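The values are calculated or read from the model by the stated rules, or taken from the named source; none is laboratory data. What you see is a predicted model, and the numbers here were worked out from it, not measured in a lab. Note that each Cβ is placed from the backbone with ideal geometry, even for glycine, and that neighbours are counted across all protein chains shown.
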Amino acid sequence: MDLNEILKQIDALIAEIDALRPIDPAQEQRIMQKFRLDWTYHSNAIEGNTLTFGETKAFLLHGVTAQGKPFRDYLLEFCDGAEKIG
């Protein structure tokens, strides 16, 4: 696939997204929550954090930590990640 084809695909995807605007505020909140969860989990996994996706979700959404996991894993990694994505 050459650059022009890729740019055409990008333009088509942008048009699809624009057709869905304006986004309902509740839907936008769900999208941002999903983005934050995915971003946090994957960036922490890259850094070597041992938390699973489910543990990450439980902590971010409910403040619940997994038994046997050091609180340090949660506190340091999540605070750093939250600052990066605002």
When residue 40 is evaluated against the numbered criteria (1) at pLDDT below 85; (2) in a helix (DSSP H, G or I); (3) surrounded by 11 or more Cβ atoms within 10 Å (Cβ to Cβ), which criterion, by number, is the only one it fails? (1)
Can you go through 34, 8 and tell me which one is of a type in the set (Lys, Arg), assigned to a helix (DSSP H, G or I), on the phi < 0 side of the Ramachandran plot and within 14 Å of the chain's Cα centre (by Cα)? 34
Conditions (1) among the polar types (S, T, N, Q); (2) at pLDDT below 90; (3) in a helix (DSSP H, G or I); number of the one not met by residue 29: (2)
Out of segment 59-71, which residues are among the hydrophobic types (A, V, I, L, M, F, W, C) and more than 14 Å from the chain's Cα centre (by Cα)? 64, 66, 71
